[in-house]
Amino acid sequence: MARILVLGAKVPFTHGGQEVLVATLVKHLRARGHEADVVELPFDPLPKQNLIAQAAMWRALDLSEFAGQQIDLVIATKFPTYYARHPKKSVWLVHQLRSMYDLYGGQYSDIGDDPRDEALRRMITDGDTTVLAECSYRAAISKNVADRLEAFNGLSSHVLYPPLPQGNAYQSAGAKPYILSVGRICRIKRLDLMLEALPFVDPTLSLKVVGVSDEPGAMQYFTNVMNKNNLAGRVQFLGRVGNEELVDLYSKATGVFYAPFDEDYGYVTLEAMASGRPVVTATDSGGTLEFVRDGESGRVVAPEPQAVAEAFNGLVRDPEGAKRMGAAGRSFIESSGMLDTGWDAVIDGLLSPLLSPDIAGRNKVIGV
Amino acid sequence: MGSRKLRIAWFTHVARPGQPVATMSQYCTDLLVPLLRERFDIEIFCGLYSGEHCGVPRHHLLTAYQRHRAKPFDLFFYQLEDGLLGRSLRTQIGIMPGVTWVHDLYLSDLGAEGIHTSPWERSLAQYFNPAIPFSDRGAPPHQLRPQAFRETALSPVSLFSSRWGKREFDRWVTARLEHVPGGHRSEFLAVPVVMRERRDSLVGDKRLRIIAVGSASGVGRAHKFLPALAALKTPWHLTWMVEPTERDEAEVLLSEFGVSDRVSLIEGMSPQRWEDLLRSSDVALHLRSSPFGHLGPYLQLSMAAGVAAIVMRYASGEEIPQDAVFSIVPGMHETAQILGVLEALSRRDPRTLAVSAQALTRSENEVSVVARRMSVLFQSAAPALVEVMARWESLYAAAAHALLDEVRGFVDAPVGGMPGSYETIVAPFVEELHLQTLQPNRY
């Protein structure tokens, strides 16, 4: 059995997909008899200049042994954890520093044409390329993330979809008249798209929002959008909820809204499918499009309020069709290794450096 | 540079595979690169990942510096146009100067986020005087009127696809570019078209077959040409190409003017669709009336096809030679003027101006003519760019050091009496990963 450290970078007081991934990975490593623990450093995206220092801090860590005990393997997850030093390093890439890459030049990036910004972008890109190339095994959590790594850093990787955090717990129940939105409340998740759509949605449907804001001003912005559309009576912000409550909310939703901009992966999509609920996502939502098939397991629509509204109205008009889409989603999840059984393939991949010195290489989709 | 081919980094918008060509830059790229790729070593940079386009390598634009480092380019070439799809290119031109081909002069104030807060004017001053320090990062500068100054400031030659654009540029911007080493030139480089023989015959159709392209909002002048059509005595039919998002607005206008039954709407604007429409048309309406945006390539395609073009004599429509199009003077009497032209065209062969319009497009728009002219411009601009690019890379090296000074400021700021640790943590990291090698690319 191996001694393994899983590396996380956490913005204090926030909770998102990366935290879920780290916690579930450690749980499943331990369940297989490995000695596994988490090493986390706080991560602060601002000010952007200080990102170099944060990468340097990870680089300064020597994780090869602690208290005389050798660490057999480290598993990095996202920027800047993969800067850590270890002779056997796997990466299960959640995402890089997206403002320097795929979000560059748009509203979700603060990197502009100040020559210092370009110098920063080049430093981070060059640094990422070097330290990710060091990894004995590279995997990404989705094809979307793997494609970015290949395009921007010239590095290939396997694709290991993270199995669902609550494994086999998801279930389906009779649909109640609400739309469910789950996720961190920040601009890139585009809750405002749903709020702008709601006035056009069948008035019997309300909106339940699970998640907390982790972006300055985001909650106020979404509240303003809600008030502008006079939606106070139709929208419930539930904050962070417990696992059981979340499973229950998924199980009864008429449909689940999840349409972030160019998502890396999106647990929400798969949790909804595992719960037999149709997902409404957008044509530019990135990772969600690796799973949702328009008209089969949900709806893929233009990122416009009317299109989102029409998708939900369709679910109300045709409950049998909605049920069919939900069932197709559940069937996909069962056959794709996203439930507990999927962890074997993930852990085999991530731990492969312990068996073979160098197997970094080809893009390969495992588990689907 | 000897006799080797010039290496050109060609920045353009490219639509995803299967999507129609939606931008002027891609339209021009698709026509010109196949003719230029034998003469130049071209790599295309756009928003798509690596692949091939027009028979040359294609990369994501953010990897241009890596390609440049591996095998330096002689010239960065940018096409600039307004609109969402052109935004990422506009940010990029602030990263590496080059030759610009401006399709819109009055680039919208609603530019890319990176441009809104561009410190460009200060960067430019630093380029000429390295003693000027980098600014504090406090309140970001706000660039109110880009007007192509930022986009052309270090370009030895700026190309314009409309004569009006060049004229306005010369009037407003050139005087601010006197500092450009070796001087700055502006040139008109026409929108390329492929000349095609018209196969259609007018015999047998008594209707005047009219086509229109453009917005259903005010700038498209639909509220002027639809009443003119409603009043036209000669039988007519209009095919109107609009963006899908404007279909509803267009339908409202058609209903308001009582012409819905004589108009077909086509959703989605693309040069290919326009060329298809031109094969069986008599008159083309190009009535866009705005200093933003451009008429091309639709107007040039109409002229090349010998279809009578009616153009608003405003902005980029101002400087079209008058024997090649029918011009409408903007103002109160637009509807009466449009009606007058249509009545005149219905009384005689609508191809009245075809000979002069086609002669004009053959002499300046035909794609091989444009490609030849572009080759000459590239060859003449490249020597001047050597120094520009070298100096610009020096600015980047200075910026990298300024950035690391900023990092030092954060890391070494004492917290709770604890000393800073730049030298023990950050400096070795920068050295180990060779991040300090943000030095100029070698030429």
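The table below gives the values:
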{"read-out": "Region B:109-129 - residue that is more than 12 Å from every other protein chain (Cβ to nearest Cβ) and part of a loop (DSSP other than H, G, I, E, B) and, of those, modelled with the highest pLDDT", "value": "B:Asn129"}
{"read-out": "Test result for B:Arg373, surrounded by 16 or more Cβ atoms within 10 Å (Cβ to Cβ), outside the structural domain of B:Pro119 (by TED's automatic domain parsing) and touching a strand residue (DSSP E or B) at 6+ places or on another chain (Cβ under 9 Å)", "value": "no"}
{"read-out": "Residue check, A:Leu5 more than 10 Å from chain B (Cβ to nearest Cβ), within 26 Å of A:Ile347 (Cα to Cα) and assigned to a strand (DSSP E or B)", "value": "yes"}
{"read-out": "Residue within region B:383-403 that is modelled with pLDDT of 85 or more, part of a loop (DSSP other than H, G, I, E, B) and either in contact with a Pro (Cβ under 9 Å, 6 or more places away or on another chain) or at the interface with chain A (Cβ under 8 Å from one of its Cβ atoms) (or both) present", "value": "no"}
{"read-out": "Residues located in region A:109-129, provided they are among the acidic types (Asp, Glu), facing chain B (nearest Cβ under 7 Å), part of a helix (DSSP H, G or I) and buried (at least 21 other Cβ atoms within 10 Å of the Cβ)", "value": "A:Glu118"}
{"read-out": "Condition met for A:Leu180 (of a type outside the set (Val, Ile, Thr), assigned to a helix (DSSP H, G or I), over 19 Å from A:Asp284 (Cα atoms) and at pLDDT 95 or above)", "value": "no"}
{"read-out": "Filtered residues of region B:221-246 (kept if within 20 Å of B:Glu275 (Cβ to Cβ), surrounded by 15 or more Cβ atoms within 10 Å (Cβ to Cβ) and not polar (S, T, N, Q))", "value": "B:His237, B:Leu238, B:Trp240, B:Met241, B:Val242, B:Glu243"}
{"read-out": "Residue that is modelled with the lowest pLDDT [pool: residues in region B:190-243 that are acidic (Asp, Glu) and either within 22 Å of B:Glu343 (Cβ to Cβ) or not assigned by TED's automatic domain parsing to the domain that holds B:Leu301 (or both)]", "value": "B:Asp200"}
{"read-out": "Selected residue (criterion: farthest from the other protein chains (Cβ to nearest Cβ)) from residues of region A:130-154 that are in contact with a Leu (Cβ under 7 Å, 6 or more places away or on another chain) and surrounded by fewer than 19 Cβ atoms within 10 Å (Cβ to Cβ)", "value": "A:Ala133"}
{"read-out": "Where a residue in region A:225-252 is closer than 26 Å to A:Asn168 by Cβ and its partner, wherever it lies, is exposed (fewer than 11 other Cβ atoms within 10 Å of the Cβ), with Cβ under 8 Å and at least six apart", "value": "A:Lys252/A:Gly174"}
{"read-out": "Subset tally (residues that are surrounded by fewer than 20 Cβ atoms within 10 Å (Cβ to Cβ), at pLDDT 90 or above and acidic (Asp, Glu)) for region A:183-216", "value": "2"}
{"read-out": "One residue from A:Lys48, A:Lys78, A:Lys10, A:Lys27 being away from every other protein chain (no Cβ under 14 Å) and surrounded by 21 or more Cβ atoms within 10 Å (Cβ to Cβ)", "value": "A:Lys78"}
{"read-out": "Members of region A:30-45 that are more than 14 Å from chain B (Cβ to nearest Cβ), in contact with a Lys or Arg (Cβ under 9 Å, 6 or more places away or on another chain) and either of a type in the set (D, E, K, R) or surrounded by fewer than 17 Cβ atoms within 10 Å (Cβ to Cβ) (or both)", "value": "A:Glu35, A:Asp37, A:Glu40"}
{"read-out": "Strands (runs of 3 or more DSSP E) enclosed by region B:1-78 - at least 3 residues per element that are over 23 Å from B:Thr152 (Cα atoms)", "value": "B:51-53, B:56-60"}
{"read-out": "Count - residues of region A:85-108 that are within 14 Å of chain B (Cβ to nearest Cβ) and of a type outside the set (D, E, K, R)", "value": "11"}
{"read-out": "Residue check, A:Gly266 within 28 Å of A:Thr24 (Cα to Cα) and not hydrophobic (A, V, I, L, M, F, W, C)", "value": "yes"}
{"read-out": "Residue within region A:155-165 that is free of Cβ contacts under 8 Å to residues at least 24 places away in the same chain and either touching a helix residue (DSSP H, G or I) at 6+ places or on another chain (Cβ under 8 Å) or among the hydroxyl-bearing types (Ser, Thr, Tyr) (or both) present", "value": "no"}
{"read-out": "Test: residue in region B:280-298 that is among the hydroxyl-bearing types (Ser, Thr, Tyr), in contact with a Ser or Thr (Cβ under 6 Å, 6 or more places away or on another chain) and not in a loop (DSSP other than H, G, I, E, B)", "value": "no"}
{"read-out": "Verdict on A:Asp44 being part of a loop (DSSP other than H, G, I, E, B) and not hydrophobic (A, V, I, L, M, F, W, C)", "value": "yes"}
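The values are calculated or read from the model by the stated rules, or taken from the named source; none is laboratory data. From a predicted model like this one, the values you see are computed outputs, not experimental measurements. Here Cβ is always computed from backbone atoms with ideal geometry, including for glycine, and neighbour counts include all displayed protein chains.
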